[in-house]
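The values are calculated or read from the model by the stated rules, or taken from the named source; none is laboratory data. Fair warning: this is a prediction, and the values are worked out from it, not measured in the lab. When we count neighbours, we look across all protein chains shown, and the Cβ atoms used for this are built from the backbone with ideal geometry, even at glycine. Note: areas computed on protein heavy atoms with side chains; ligands, DNA, RNA excluded. Shrake-Rupley method; radii C 1.70, N 1.55, O 1.52, S 1.80 Å.
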Amino acid sequence: PEDLVLVDPDNALPGTQIVRQLALLEEESALVCADIDAVTGEITQIPGIVPPCSQGEPFGPLAAVLGTVDQNGVPSVQLWSDPVSTNPQLDATEVWVFGNYSADAHPVHVHLVKFNVLGRAAIGGGPTVGGDIQEWENGWKDTVISYPGETTSIVSTFDIAGLYVWHCHIVEHEDNEMMVPFCVGDPAGCGGIPVATPAEQAEFTTGLTN
C-alpha cells in the first residue's frame, strides 16, 4: 500500500453546455375516483367517474415514474414507451438536476457514465432534508440518493454513444416504470427509436456559458 500512487480524485470536467431538469414522480390511479371520509377514513369509489375526477379525488395504487421539468417548474411524466426526451451530444458535459416530487428517497443510477455530485437544494426554496453533499459522495459516482422535496444535481461527460437508461435502483421501482431510456449522440445510432428534437428538449434544458 505504501507504494500506491493514486489518481487525483478532483476530477475536473470540461465546461458545461446544458442543464437538464428531470423529475422523480408518483402517479395516482388513472382509473379510480373516490370519496374519503375525513373523520372515519372510509373510502368509497364513485362509480362511472374516472380521473380527472369531477367528483371526489384520484385514489389507487401509486406508481413511481420519471419525467422532465419544464422552464416554468412544472413536472411531467415520461414513460418507457414515450419518445426519448433526453439526447446528450457525444462528448458533451451536462448537469442533470433530479427534482424529487415523490414521498420517498430514490437511489438514481445513470448507465454508462461516471459523474460528480454537485449538491442539493429544496424544491421551492424550503429547508433541505438530505442536506448537501456528504463526504462519501465526493469523487466519481454512478448512483446518487435523491431525497423527497429536493433537487439533486450531478455533472457528467457523455463519452460513449448509444442507447442507455437512467432509473431508480430500488428493484420494485425500476421494474414498474421508474426507468427510461436516453440516447447519447446521433439518434440514428440508438436503434431507430423516436427521439425528441432539440427544440422539444429545449423546454426543459438551460444553456450555460462556463
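Does Pro194 satisfy the condition of being surrounded by fewer than 18 Cβ atoms within 10 Å (Cβ to Cβ) and either touching a helix residue (DSSP H, G or I) at 6+ places or on another chain (Cβ under 9 Å) or at positive phi (or both)?
For Pro194, the condition - surrounded by fewer than 18 Cβ atoms within 10 Å (Cβ to Cβ) and either touching a helix residue (DSSP H, G or I) at 6+ places or on another chain (Cβ under 9 Å) or at positive phi (or both) - is met.
If you scan the stretch 81-93, which residues turn out to be open to solvent by less than 70 Å² (accessible area, probe 1.4 Å) and either on the phi > 0 side of the Ramachandran plot or of a type outside the set (A, V, I, L, M) (or both)?
Within the stretch 81-93, Asp82, Ser85, Thr86, Asn87, Pro88, Thr93 qualify.
Against the definition (open to solvent by 40 Å² or more (accessible area, probe 1.4 Å) and under 26 Å from Val74 (Cα atoms)), how does Glu150 come out, yes or no?
Here the answer is no, as Glu150 does not meet what is asked.
For the stretch 81-93, enumerate the residues that are closer than 12 Å to Thr157 by Cβ and in a loop (DSSP other than H, G, I, E, B).
Answer for the stretch 81-93, where residues must be closer than 12 Å to Thr157 by Cβ and in a loop (DSSP other than H, G, I, E, B): Pro88, Gln89, Leu90, Asp91.
Which ones in the stretch 36-46 are of a type outside the set (D, E, K, R), out of contact with any strand residue (DSSP E or B) (no Cβ under 7 Å at 6 or more places or on another chain) and either modelled with pLDDT of 90 or more or surrounded by 10 or more Cβ atoms within 10 Å (Cβ to Cβ) (or both)?
Once the filter is applied, which keeps residues that are of a type outside the set (D, E, K, R), out of contact with any strand residue (DSSP E or B) (no Cβ under 7 Å at 6 or more places or on another chain) and either modelled with pLDDT of 90 or more or surrounded by 10 or more Cβ atoms within 10 Å (Cβ to Cβ) (or both), the stretch 36-46 yields Val39, Thr40.
Can Val165 be described as open to solvent by less than 40 Å² (accessible area, probe 1.4 Å), closer than 16 Å to Pro88 by Cβ, of a type in the set (A, V, I, L, M) and in a strand (DSSP E or B)?
Against the criterion (open to solvent by less than 40 Å² (accessible area, probe 1.4 Å), closer than 16 Å to Pro88 by Cβ, of a type in the set (A, V, I, L, M) and in a strand (DSSP E or B)), Val165 qualifies.
Can you tell me how many residues in the stretch 33-80 are part of a loop (DSSP other than H, G, I, E, B) and either among the small types (Gly, Ala, Ser) or at positive phi (or both)?
7
Name the one entry in Gln45, Gln55, Gln78 that is among the polar types (S, T, N, Q) and under 15 Å from the mean Cα position of the chain (by Cα).
So the residue among Gln45, Gln55, Gln78 that is among the polar types (S, T, N, Q) and under 15 Å from the mean Cα position of the chain (by Cα) is Gln78.
Which condition breaks for Ser29 when tested against (1) more than 25 Å from Glu177 (Cβ to Cβ); (2) polar (S, T, N, Q); (3) at pLDDT below 90?
The single condition Ser29 does not satisfy is (1).
Looking only at the stretch 171-187, how many residues end up being at pLDDT 95 or above and either open to solvent by 10 Å² or more (accessible area, probe 1.4 Å) or over 26 Å from Ala64 (Cα atoms) (or both)?
So the count comes out to 5.
Of the residues in the stretch 94-120, how many are open to solvent by less than 20 Å² (accessible area, probe 1.4 Å), farther than 17 Å from Leu163 by Cα, assigned to a strand (DSSP E or B) and of a type outside the set (A, V, I, L, M, F, W, C)?
Summing the residues that are open to solvent by less than 20 Å² (accessible area, probe 1.4 Å), farther than 17 Å from Leu163 by Cα, assigned to a strand (DSSP E or B) and of a type outside the set (A, V, I, L, M, F, W, C) in the stretch 94-120 gives 4.
Tally time: how many residues in the stretch 47-72 are surrounded by fewer than 20 Cβ atoms within 10 Å (Cβ to Cβ), touching a residue at least 24 places away in the same chain (Cβ under 8 Å) and either within 13 Å of Phe204 (Cβ to Cβ) or polar (S, T, N, Q) (or both)?
2
State which residue is farthest from Gly73 (Cα to Cα) when the search covers only the stretch 197-210 and only residues that are open to solvent by 20 Å² or more (accessible area, probe 1.4 Å) and not β-branched (Val, Ile, Thr).
Looking at residues that are open to solvent by 20 Å² or more (accessible area, probe 1.4 Å) and not β-branched (Val, Ile, Thr), I get Asn210.
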